[in-house]
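*Asks:* Got a structure for you, questions after.
Read-outs: derived from the displayed coordinates by stated rules, not from any lab. All values reported here derive from a predicted model rather than from experimental measurement. Please note: Cβ atoms are built from the backbone with ideal geometry, for glycine as well, and neighbour counts cover all protein chains shown.
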Amino acid sequence: MRRLFLFCLVILIPSASPALAWSTKEHIQLTRIAIERLIADPATPSEMKAWLRDSTPGLRDIDAERAWFMNQRQGINPRGVDGICFWCVMPDVETFQQGREEKKVEPFNVPERLLHYIDLELFVTGDQKREYRHDLSRKPKIDDIPHDMKDPRFVQAGMLPFRVEDCYRKLIGQLRADRLYDKNGQFPRDEHAAHWAGYLAHYLEDNTQPQHATIDYKSSAYFADKRKAPNVHAQVEYMMADDENADHMSVREAFWPVFVKDLDEVKDPITESKDLFRATLEVSLSSYDALPLIGVAAMKATNQGGTPEHPQGEASDKFDTETFYAARGEFHGKEMSVLEMKACQQAWAVKRVERLFRQAWDEAQAK
Ligand SMILES: [Zn+2]
């Protein structure tokens, strides 16, 4: 739900969840878990722990996180959430609130919504068509993507890697100025480290959603009738965690233990940590490889006939979320379900947030 019909959401259907990346509920929880893990880590400096604690009301243990995941209804707006976890959903909320008159964000000179993704196909070289292909043949190499905001392709492709750099720098600036969170007498009131930590977490988390790396962000390539294709973006994101019309409890129940196990086992494999532009691209390029698994699973969930390269016939109007999450395929050489892929990508998001919060803190101390 990135390019079109953004304007009606907050006003007309305030209870529906967005599909601008992981849902409001998921962003809040991924960020909060990253903070809880940093606080539990003996290697985290005590002053950093104090900052995180003071900036995050409602910290809890992992069992309480499970109960929250199973039962909490959130919707678009971050009800009952404050501090870093409030700020971590504002990039999406801002986009919904803008309506038709989208204001440009500086220094990018594009509307907020373009800061949440990078459509990799725009950077493929040669005269190949810029489109998504099931065989991933339209995936560029990392060096095909210039670290140059002026390159006109970014206006269409999105600017996620630049925004990650930007938030990281702003977070360090606020930490160095000792503006840790909102305080009486400190102005501007909303300009502080908790704000930029939340923003940074948001974009780092969007980075691991595979559909935020492709021009085919709803996986419509897998449907014969592209116009009537289901919103697979929403299925990957909020449907199983915070759907207006169903709770999908069996999917949530199956998801949670896999996610918690991945929190312990998944490593952040990014080697390049100083160059955040390149690191963000590495995450996008790796996440991109999950798109065939997602597409084929969406075909199964709707009884779309034909092959992934040539879908044929009519798909069902009803999208079976349970079938989608149970569908299996290959991702990075391993056979797994969509549910396992999502758990792994979200655990990776938590790891990215932990790592960059800590890195920013250390860099701020080393004035
Ligand atoms: Zn987003």
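*Asks:* Only Cα pairs within less than 10 Å get springs; with that Gaussian network setup on the chain, which residue of ASP190, ASP151, ASP54 has the largest fluctuation?
*Replies:* ASP151
*Asks:* Output the peptides 287-300, 137-150, 199-212 sorted from most to least packed, where packing is the average of other Cβ atoms within 10 Å over each peptide's residues.
*Replies:* On the way: 287-300: 22.6, 137-150: 14.1, 199-212: 27.5.
Per-residue Cβ counts within 10 Å, averaged per peptide and sorted highest first, yield 199-212, 287-300, 137-150.
*Asks:* So, one more: Please give me the summed charge of the neighbours of PRO107: other residues whose Cβ is under 12 Å from its Cβ, Lys and Arg +1, Asp and Glu -1.
*Replies:* Values: positive: LYS104, LYS150, ARG163, ARG169, LYS170; negative: GLU106, GLU165, ASP166.
It works out to a net charge of +2.
*Asks:* Report the convex hull volume per residue for the chain, counting only C-alpha atoms, in Å³. Could you put the intermediate results ahead of the total?
*Replies:* Working: hull volume 51.6 nm³, N = 367.
Cα convex hull per residue, to the nearest whole number: 141 Å³.
*Asks:* Is the C-alpha gyration tensor of region 248-345 telling us rounded, prolate or oblate? Criteria: a/c under 1.5 is rounded; beyond that, a/b larger than b/c is prolate, otherwise oblate.
*Replies:* Working: a/c = 2.82, a/b = 1.50, b/c = 1.87.
Since a/c reaches 1.5 but b/c is at least a/b, the shape of region 248-345 is classed as oblate.
*Asks:* In whole angstrom, how far apart do the alpha carbon centroids of region 143-180 and region 280-303 sit?
*Replies:* Value for the Cα centre distance between the two parts: 25 Å.
*Asks:* Let me spell out the model: positive unit charges on the Cβ of Lys and Arg, negative unit charges on the Cβ of Asp and Glu, origin at the Cα centre of the chain. What dipole size does that give, in debye rounded to 20?
*Replies:* Working: 49 positive and 59 negative charges, 102 e Å.
With only Lys, Arg, Asp and Glu charged at Cβ, the dipole is about 500 debye.
*Asks:* Right, another one. Output the peptides 114-124, 66-76 sorted from most to least packed, where packing is the average of other Cβ atoms within 10 Å over each peptide's residues. Intermediate values should be presented prior to the final figure.
*Replies:* On the way: 114-124: 23.5, 66-76: 16.2.
With the highest mean Cβ count within 10 Å placed first, the list reads 114-124, 66-76.
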